[in-house]
Each structure stands twice: as structure tokens, then as C-alpha cells.
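Sharing a structure with you now.
None of the figures in this text is laboratory data; all of them are computed from the coordinates on show. In this text the structure is predicted, and so the values were computed from the model without any measurement. Cβ placement follows ideal geometry from the backbone for every residue including glycine, while neighbour counts extend to all protein chains displayed.
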Amino acid sequence: MSDAEKGSVGVGLIGLGTIGTGVVKVLKQNADVIQQRLGFPLELVRVSDLDLETDRGVDLDGVTFDADSEALINDPDVDIVVELIGGFDVARRLILQSFEARKHVVTANKALLALHGAEIFGKAAQQGVDIAFEASVGGGIPILRSVREGLAANHIEALYGILNGTTNYVLTEMEATGEAFDVVLKRAQQLGYAEADPAVDVDGIDAAHKLTLLAGMSFGAQLTHKEVSTEGIRGLLPVDFEAAREMGYRIKLLGIAKLHRDGGRQRLEARVHPTLIPRSSLLANVDGVMNAVVVIGDAVGETLFYGPGAGEMPTASAVVADLMEIAREIRRGTAGRVAPLSYLPEVLERKPLVPLGELFGRFYLRFTALDRSGVLGHLTGVLGENEIGIESILQKGQGEAAQSESGGATGSVPVCVLTHPTREAAVRSALERIDELPDVTAPTRLLRIEERF
Ligand code: HSE
């Protein structure tokens, strides 16, 4: 039966996990508003999952439910396939099979798109079908749609995002309670926001996946997450939060992307790392598992998007919004004509990346050094030889507590320094020498600072 003849647009859902269950709930609970907005119903016609036993607390009301995802893809009543199994190989195969079968696809699979985006977007364009992935970045925040449509008239200059709820929760709690990293991470995992492998959150990889998609869409850049310079939140100590507070900052894991236009030459800055940002900024006050993204466009100026970055219903809200957009296009006969990354495929290009050594700004340095006279002189001497000025210096604590916190040898204490603006390359070469000094008992921690908020 053709779409025009059918009363509804049919949805097939692969993966009935947390988000998939949320999608079933939203389609059911909000069927009225969905129909009022579309003018026709969005009908869940088929679900597949390998686990047919677990009670998810949703009634599938006679919807076909089995483990046969290929039959789902080829079911003539399915117009749009929702891929929510995550992971790489199987998800990639099912998405490509859906395109072959001329089915549109909605996915939340940021990891897959951040690595195989070029192939997947290219195949969708070849087959004349849509792929939508709003839920893959910022959970329920409509950030991709906003960049693609609401800000489409702008040259985007920069974006700064708190893109991972788990790490934002850990940082918020470490600062508020003074508890150690491991203790707080365990609590975050219990809350159910963490990825199956928490290292993907903690080491900044999940944020890098999301930044890759955002930067691709904002700057027309072909990029994989492997090119994004990525550093996680392991090794941060309560003393870092204390020192940052005294210096007027909070610590957030930021995804940062900027486009450098030097004459006709464009270069991309793309990095994820814990960052000190001014305490008074809006972004610094995004706490717990919430996400937020600042997008700066040449016409609009600075915009801020805030909301729940994870969770069953917020993420399902984004998936169903994608379904509605594609369903509307199917009805208008325009499906498959919107470029997934907003830019036309022929103008997407790889852009050289700006090396971290070129970054210019203030830096926070936590040295771990023996608590004896003359040590400060040795540290500041090497910084001075590299023309790095010091704005403030804090020596936190004495004795056993400070020593065990800083991870250095007996008698060590953390010494926290805020530099004047300088190049990262200069700081790196100073640290190479400082970490060799006999007074210094553990590697120095460098944190970057972003002042523009
Ligand atoms: N693990 C992710 C987070 C889930 O903590 O933000 C949403 O992508």
C-alpha cells in the first residue's frame, strides 16, 4: 500500500532497551498531540529485540514483537526504522540494510555516526532516504535541529558544550562534597546515566562523539571522533575544585569546537577536556546530569541550549520528534532531500585541525612537590625561563592529607598555579623540565581555561 493511501506512517523499532521503551511510551502517551501536529497518526507496527522475556512495563498491544530485525526492515508496513541497539557492527549493518530497502532511519547511535558518519550519510543520500539522529547529542535538547534549521543562516563561529551527563554529575558532586572520584562515579552509575563501559563517559569519549556530530553540522566539516583531542576527568582531585573556586572558576568537561578563518584557509579546533570557566557564567552553573551547549553565530550572537542530556523519556522525546519530521516529509513527498549534516554533501570537507600547542590563554597547573624551602623558586624559575608569568599561586594543605591527595611521595604537597595568558606549547616545554626536577614527585596536571562566557 502506498504511503498516500495509508492512514498512518509506520514505525519499526529495533532495540527495546531503556530508550526504546521510552519511545513506545511517548508514541502511546502522546499519540493525541502527535496526530494533532502531523494530521495523521504515527503507528508503531513492529518491534524487534533479542530479549523477548524481560517485562519493560509497556504494553505492545498486539504490535509484532520478535527477534527478527531483518524481517522488520523488510516489512512493507514499516516506513521508518528506529535503530536503538547501539554499538558498531550490527547497528551499522542494520542501518545500511534499511537504506537498501528504501527505509528512512532514526538513530541515537552517536558512537557509530562519529566514526562511520561519512559512509552512512553517503549511503542515505545515494538511496534518497533520510537519516535523523537528534537523540545522539544532548539527549532531549533539540540542539542538532536548532543548528541545522534555527541557526542555518549563520556562519557558526564556536560552540562550547557540556555534553556528558555522567561526568557533569561527577564534577558537580566532587566540588560540592569534596568526595573522591571513584566514590562519586559509583553513584553516577547507579543513577543509570553511564554508558555500558563507564570509561567511555569518564575518558571524554562520549563527549567527543557528540562534539564530532555537532562540529560536522556547525562547520560543514568531515570529522571522526578519533581526530578530536580528548582528555577525561580521571585524576582530578578535590584540591583542584578548591583552588579553582578560589581563583574564580568552576571545572566542567567541555567539548569545544571553533572555526579559524585565516584568509581563505579554514582550520578546525576540536577538543574535549576538563576546563576552568568563570564561576559567574551560565555554563558554569549547569549542574548534575544536565547538558548545555553555547553556540555562537555571526548573525545571532551567543545562544544557549539547556536540558536533560540523557534518560529514557528525554531521549525518547528527541527520537519521536525525528520520526515526526520524517513522517511529515514522507507525506509531502520530500523525504530524503534534506542533507543530514545540513550542508550539501558536495561542500562537506575535511579541515585541518589546529594543534593544541597553538592554544593561547591562561592555564591552571597543579604541581606535586616536596614541602621544603626553595621548591617554589625552582618551579617559578623554570616557568620564568619559558616566559610564563604567574597570576596567582596557592599551596594547598600540609602533612598527610595533602600528601595522599596529591599522590606524590612522602612530604609532598599540591601547589596550584594560575598563569598569565601564554601559548600551550610554552607551558608544555616548561612542564617537561619541571617534572624532571628532584623536588617534583608526581606529574603536573594542566587544565585549560576558557574565559569567553
Ligand atoms: N552516557 C551519556 C551521558 C548518556 O552520561 O551523558 C547520554 O548520551
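Loop by DSSP (not H, G, I, E, B), at most 13 other beta-carbon atoms within 10 Å: where is the longest site-free stretch of the chain for GluC sites (Glu not before Pro)? Intermediate results must be reported in sequence, preceding the final value.
On the way: sites that count: Glu5, Glu53, Glu387, Glu436, Glu451.
Longest run free of exposed loop sites: 54-386.
Now a separate question. Using the scaling law 2.2 N^0.38 Å as the reference, what is the normalised Cα Rg of the stretch 356-449?
Relative to the rule-of-thumb radius for its length, the stretch 356-449 sits at 1.02.
Let me ask another. Identify the trypsin sites (Lys or Arg not before Pro) of the stretch 329-394 meeting these criteria: DSSP loop state and at most 13 other C-beta atoms within 10 Å of the C-beta.
Working: sites: Arg331, Arg332, Arg337, Arg350, Arg362, Arg366, Arg372; in loops: Arg337, Arg362, Arg372.
Those that pass, being in a loop and sparsely packed, are Arg337, Arg372.
Just report the Cα centroid separation between the stretch 13-77 and the stretch 167-181, whole Å.
37 Å
Something else about it: Taking 0.36 nm per intervening residue step and subtracting the Cα-Cα distance, what contour gain separates Val63 from Asp182 on full extension?
Working: separation 119, 0.36 × 119 = 42.84 nm, distance 4.31 nm.
The span from Val63 to Asp182 would gain 38.5 nm if fully extended.
With θ set to phi - 60° and the Karplus curve 6.51 cos²θ - 1.76 cosθ + 1.60, what are the ³J(HN,Hα) couplings of the stretch 271-287 in order, to the nearest whole Hz, using x for Gly and Pro?
8, 10, 6, x, 9, 8, 10, x, 4, 7, 6, 4, 4, 5, 9, 8, 10
Additional query: When the scattering of the stretch 19-167 is computed by the Debye formula from its Cα atoms alone, each counted once and equally, what is log10 I(q)/I(0) at q = 0.09, 0.10, 0.13, 0.19 Å⁻¹?
Here log10 of I(q) over I(0) equals -0.33, -0.41, -0.69, -1.41.
Next question. Which trypsin sites (Lys or Arg not before Pro) from the stretch 216-266 combine a DSSP loop assignment with at most 16 other Cβ atoms within 10 Å? Show your work: numbers first, answer last.
Values: sites: Lys226, Arg234, Arg245, Arg250, Lys252, Lys258, Arg261, Arg265; in loops: Arg234.
Loop-located and lightly packed - Arg234.
Counting other beta carbons within 10 Å of each Cβ, put Ser136, Ser280 in order, fewest first. Intermediate values should be presented prior to the final figure.
Numbers: Ser136 25, Ser280 11.
Going from least to most buried by this count: Ser280, Ser136.
If you don't mind, there's one more thing I want to ask. Compute the helix-to-body angle for 89-100: its Cα long axis versus the longest principal axis of the chain, expressed 0 to 90° and rounded to tens.
Between helix and principal axis, roughly 40 degrees.
Turning to a different aspect of this structure: Which angle from 0 to 90°, rounded to the nearest 10, does the C-alpha axis of helix 165-177 make with the longest principal axis of the chain?
Rounded to the nearest ten degrees, it is 40.
Another one. Could you give the alpha-carbon Rg of the stretch 261-318 over 2.2 N^0.38 Å, rounded to two decimals?
In units of the globular-protein estimate, the stretch 261-318 measures up at 1.47.
What is the Cα coordinate range of the stretch 143-308 on the first, second and third principal axes, sorted by size from largest, in whole angstrom?
48, 35, 26
Let me see the pair-distance distribution of the chain: every alpha carbon pair, 20 Å bin width, integer percents in order.
Calculated P(r), rounded to whole percents: 24, 50, 22, 4, 0.
Further, regarding this structure: For Lys103, which lysines qualify as cross-link partners when the Cα separation must be under 25 Å and same-chain residues fewer than eight apart are set aside?
Lys6, Lys25, Lys28, Lys123, Lys210
Among Leu96, Leu144, Leu151, what is the fewest-to-most ranking by other Cβ atoms within 10 Å?
On the way: Leu96 17, Leu144 25, Leu151 20.
Going from sparsest to densest Cβ surroundings: Leu96, Leu151, Leu144.
A further question on this structure: Using alpha-carbon pairs under 8 Å, 6+ residues apart, how would you state the relative contact order of the chain in percent? Please list the in-between numbers first.
Details: 943 pairs, mean separation 73.1, N = 453.
Computed over the chain, the figure is 16 percent.
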